[in-house]
Amino acid sequence: MGSGRFSATDWDRFTASTTAGRTREAIFTASGLKDALDPAKARNLIRESRDSADNPESNAIIVALDVTGSMHKIPEYMVREGLPALFDNIYTRKPVTDPHVMFMGVGDVVYDRAPLQVSQFEADIRIAAQLKDLYLEGGGGGNMTESYTLPWYFAGLHTAIDCFEKRAKRGYLFTVGDEMVPPVLTAEQIGRVMGVRPQADFSAQQLLDLASRQYHVFHVVVQQGSNYRAHPDQVRASWTDIIGQRALMLSDYTKLAEVIVSAIEITEGANAADVAASWGGSTALVVRGATGGLQKAGTGGAVRRFLDGLRS
Amino acid sequence: MHNFETADEILAIPVSEAERLFGTPEQIGPVFREAALRWHPDHGGRQDVFAHLLALRAEADRKSAAGAWVVPGRLEIGGRRIRFFHRFTFELGTAYLGNNVLAYVVEPEFADLAKRAEAVIKGLNFADAAMRAEMAPRLPRLLAAFDGQPGQRVLVLEKPAGIIRLSDLLTHEGGRIPARHVAWIISELLNFACYLNAYRGIIHLGLAPETVFIAPATHQVLPLGGWFYATRRDAYLAALPERTDRLLPMTARQAECAVPSIDLELIRAIGREALGDAAGTRLRLDPDVPTALADWLRSPSGHDPVAEYRLWPGTILDSFGARRFAELLVTASDVYGKEADNG
C-alpha cells in the first residue's frame, strides 16, 4: 500500500460525507473489530509500506491511538482535524518525504475483545476511511495500563517498510494514551490477537527494542486523560523510565498532530527550540512542553563517541 | 601491463588499489602511456576503460606524493613487512589479510580505540584448561602492536589459514548463504557471547559480518575484528561503530551502557544479514528458511547470553531435526583468489 497523495479536495469530500455535523457515535459506527483492521487477518500477517510512483521515497509513520473509554476524544479529534494537519504539516515542513500513515487502535489485551486494530499504510484519503472504521470499544480495566506494547510487537514483526529495507531509514511509531506501559506481554495474549503464538512471553523492554529496530518509537502521554490526572507521577515515571525523553507530555490533545510532526523534525535533525518557536501562539507552548527534551537521532558517522565512556 | 590484458581486468581494479596496475611509483607514467595507447577512444579503445585508467592514475599520483604507496601484497610499516592477499578499509583505517596474519592499521584519531583493543585482547583469559582448549582457537591472539606512520597504531593478529571474513563470503555467494550454515555461525557466536559477556564480563560491541571470520571446513567462527569498542559490562559506552549504533537496542541507547543485549542483538542481525534480509520481514515467508530459525532471528533479543544459548538447541532441532554436519563447500582461494592458502 502507499500510492496516491493526501489532498484538500479529497479531505473536503470526506468531511462533507462523513464527519460534518455528525456526532462521534455517528462517525465511528463499528460495533466490533472489522476484518480489514484485524491484525490476525493481515495478508501474510504483514502490513507493507512500499515506494510508488506517487511516493518514491516513502516514510512509514504509525500512530497508535488508545481507543478505551477515556480516550475517545483522541480518535474523534484525529478524524475531524488531526489527520489533515498531520499530512499538511509533513508536506510543507518536509521533516521526511512521502509519508505513509498507518493508524492503530489500542485497547487492553486483558479485558478487551479488540485490543489491537491496524489499518494499512496509506498516503491518501483512504487512511481517513480506515480511521473512522476503528471500533471504539471503550474497554480497558482497572489495571492502570493499556496494551501499548501490542503496537510495538506488531510494528517490530509484522510490518515491512521500504524506508528501512531500501534506505536503512527508520520509520516513526507513536503510541498515544493516558495510562502506564504494561511490564509484560504474554505469549498467550499475543496468540489471541495475532492468531499465532510465539514461544515466549516478552518484557516491555524487549518489545521496545524490537520495534526500535525499524522505528523511532515515541509515546504521547495525554495529560488531559482521566487516568493521567489521577496518577500523573506514576504514569510519567512509567514512560520516562522505559523510553526517556521520547515520552512526550501532551497538555492539549488538539495539538497532537503538531507534536508528532515536531518530534519527527527534531529526530531528523532540527533544533528543538527552533521547532517549537516555529509554531504560533499556544501551539508553540504545547509543542515546547512535549518535545523540549528531544534530540536528533544518533548519527555519529563512521564512529560515534560517548562522553561518559571517555571520562570513565 | 602483462597482468591486466583485458578491459574487465582493468575495470576490476578498485581505484583505492591503484598500485596493482602500476606496481611502483616510477611505473605510473610508462604504464599509463601504454594503456592509454590501447584504450583511448580515439584509438578505437573504450571510454569506460579509459576513464577508469585516468582515475587510477590520479589515485596513484596522489599516493605517490603522499608517501602512501603500498606494494601489492606487501605492507611495509613501522619497519616491518607484512604479506597480504586482501586489503579492505574499515571505519578506523585499513586492514590487511594475509594467510597467517590479520593487520589492522588504525588512523591517529582512533589510536585510543586501538589501545583499547590491545588491552582487551591481551586480557582474554580462561577459567581452566578445558575452557582454554575450547575457546582459545576461537579468539584473537595479538602477535604484535606497534606504531606505524606518525600517530597510527598497528595491530597484528594471528589468523588461521583458510578462514574467510563473513562479509567477503556473503559477497562471493551473492548476498546470502543457506540457513543450515547460518545456524552453526549463530551457535558459535552465542557460545562466544557466553564466554565474553558472562565469563569475562566484557561486551564486544563490534560483532558484524565485517569482523567475524569463519572456517567452512570446521565450522569454527572467530570474531577477529571489532575489538576496538569492547567495554566492561555495565560500564558507559566509549565509542561505537555506525552499524552497532544503528542496531543499538533502545534500552541500551537510553542508558548508554554496555549490556549483553547489544551483542545478542548484533548476533541476530548477523543471522538475518547472512540470510540476505537485514530487516527480517521476508524471512518468515522464505521457503528456504525454517520457521523456527526465522522466528528466532526476528524475535527480541534477551538480556542473558547463557539463557539464550540454553534455548538455542531447541530452535536448531525445530528447524533442521537432529544435528548433522553440513560442509560449506567454499574455500578461501574461491573467495580471495589463488594467493589465499586454504589451510
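Annotations
- Sole exception among (1) within 10 Å of chain A (Cβ to nearest Cβ); (2) buried (at least 22 other Cβ atoms within 10 Å of the Cβ); (3) touching a residue at least 24 places away in the same chain (Cβ under 8 Å); (4) of a type outside the set (A, V, I, L, M) for B:G280, by number: (3)
- Every test in (1) in contact with a Ser or Thr (Cβ under 8 Å, 6 or more places away or on another chain); (2) in a loop (DSSP other than H, G, I, E, B); (3) at pLDDT 95 or above is passed by B:H303 save one, and that test is (3).
- Any hit, region B:95-108, residues being closer than 30 Å to A:F306 by Cα, polar (S, T, N, Q) and touching a strand residue (DSSP E or B) at 6+ places or on another chain (Cβ under 9 Å): no
- Test for B:A95: is it closer than 30 Å to B:K338 by Cα and touching a residue at least 40 places away in the same chain (Cβ under 8 Å): yes
- Residues that are within 14 Å of another protein chain (Cβ to nearest Cβ), more than 12 Å from the chain's Cα centre (by Cα) and either outside any helix (DSSP H, G or I) or β-branched (V, I, T) (or both), drawn from region B:86-119: B:L92, B:G93, B:V106, B:E107
- Within region B:166-195, the set of residues being acidic (D, E) and part of a helix (DSSP H, G or I) comprises B:D168, B:E188.
- Strands (runs of 3 or more DSSP E) wholly inside region A:203-312 that include at least 2 residues being modelled with pLDDT of 95 or more and crowded, with 23+ Cβ neighbours inside 10 Å: A:215-222, A:247-250
- Within the set A:F174, A:F164, A:F218, the sole residue that is more than 12 Å from chain B (Cβ to nearest Cβ) and either under 30 Å from B:L311 (Cα atoms) or within 18 Å of the chain's Cα centre (by Cα) (or both) turns out to be A:F174.
- Pairs with Cβ under 7 Å, 6+ apart, first in region A:294-312 and within 8 Å of chain B (Cβ to nearest Cβ) and over 21 Å from B:E107 (Cβ atoms), second modelled with pLDDT of 90 or more and surrounded by 13 or more Cβ atoms within 10 Å (Cβ to Cβ): A:G298/A:R304; A:G298/B:D245; A:D308/B:Y236; A:D308/B:E256; A:S312/B:A235; A:S312/B:Y236
- Candidate set from region A:225-272 (those that are of a type in the set (K, R) and within 15 Å of A:A290 (Cβ to Cβ)); member that is farthest from the other protein chains (Cβ to nearest Cβ): A:K255
- Single residue of B:A326, B:A279, B:A269, B:A307 found to be of a type in the set (G, A, S) and over 27 Å from B:T171 (Cα atoms): B:A307
- If the condition is being within 11 Å of chain A (Cβ to nearest Cβ) and surrounded by fewer than 24 Cβ atoms within 10 Å (Cβ to Cβ), then region B:224-233 contributes only B:R232.
- The one condition in (1) in a loop (DSSP other than H, G, I, E, B); (2) at pLDDT 90 or above; (3) charged (D, E, K, R) that B:R323 fails to fulfil: (2)
- Residues being touching a residue at least 24 places away in the same chain (Cβ under 8 Å) and not charged (D, E, K, R) - total across region B:229-261: 14
- Odd one out for B:Y236, checked against (1) among the aromatic types (F, W, Y); (2) more than 8 Å from chain A (Cβ to nearest Cβ); (3) surrounded by fewer than 23 Cβ atoms within 10 Å (Cβ to Cβ): (2)
- The residue list A:R24, A:R43 contains one member that is within 14 Å of another protein chain (Cβ to nearest Cβ) and either farther than 25 Å from A:I90 by Cα or not small (G, A, S) (or both), which is A:R43.
- Test set (1) of a type in the set (D, E); (2) in contact with a helix residue (DSSP H, G or I) (Cβ under 7 Å, 6 or more places away or on another chain); (3) in contact (Cβ under 8 Å) with a residue 40 or more places away in the chain - A:D35 fails condition number: (3)
- When region B:294-343 is limited to residues that are of a type in the set (D, E) and within 16 Å of B:S187 (Cβ to Cβ), the one that is surrounded by the most Cβ atoms within 10 Å (Cβ to Cβ) turns out to be B:E308.
- The number of residues in region A:1-14 being surrounded by 16 or more Cβ atoms within 10 Å (Cβ to Cβ) and either within 14 Å of chain B (Cβ to nearest Cβ) or in a helix (DSSP H, G or I) (or both) comes to 3.
- Here B:E256 does not qualify as more than 26 Å from B:W184 (Cβ to Cβ), under 19 Å from the mean Cα position of the chain (by Cα) and at the interface with chain A (Cβ under 8 Å from one of its Cβ atoms).
- Answer from B:I186, B:I177 - the residue that is buried (at least 19 other Cβ atoms within 10 Å of the Cβ), at pLDDT 95 or above and over 20 Å from B:P137 (Cα atoms): B:I177
- If you go through region A:177-189 and keep only what is more than 11 Å from chain B (Cβ to nearest Cβ), within 26 Å of A:G225 (Cβ to Cβ) and either in a helix (DSSP H, G or I) or in contact with a Ser or Thr (Cβ under 9 Å, 6 or more places away or on another chain) (or both), you end up with A:G177, A:D178, A:E179, A:M180, A:V181, A:P182, A:P183, A:V184, A:Q189.
- Filter pass, A:I190 being among the β-branched types (V, I, T), touching a Pro at 6+ places or on another chain (Cβ under 8 Å) and crowded, with 20+ Cβ neighbours inside 10 Å: yes
- Subset tally (residues that are touching a residue at least 40 places away in the same chain (Cβ under 8 Å), within 14 Å of chain A (Cβ to nearest Cβ) and not β-branched (V, I, T)) for region B:298-343: 7
- Residue satisfying all of: in region B:196-223; among the small types (G, A, S) and either within 14 Å of chain A (Cβ to nearest Cβ) or in a strand (DSSP E or B) (or both); surrounded by the most Cβ atoms within 10 Å (Cβ to Cβ) among these: B:G206
Okay, residues lined up against (1) crowded, with 24+ Cβ neighbours inside 10 Å; (2) among the acidic types (D, E):
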site	(1), (2)
A:S58	yes, no
A:D66	yes, yes
A:A85	no, no
A:N89	no, no
A:V96	no, no
A:M104	yes, no
A:V110	no, no
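- Any hit, region B:68-83, residues being out of contact with any strand residue (DSSP E or B) (no Cβ under 7 Å at 6 or more places or on another chain), assigned to a helix (DSSP H, G or I), among the acidic types (D, E) and surrounded by fewer than 18 Cβ atoms within 10 Å (Cβ to Cβ): no
- In this structure, B:L264 does not qualify as within 14 Å of another protein chain (Cβ to nearest Cβ), touching a residue at least 12 places away in the same chain (Cβ under 8 Å) and under 22 Å from B:Y104 (Cβ atoms).
The values are calculated or read from the model by the stated rules, or taken from the named source; none is laboratory data. Computed from a predicted model, the values in this text were never measured in an experiment. All Cβ positions, even for glycine, are placed from backbone atoms using ideal geometry, and neighbour counts span all protein chains on display.
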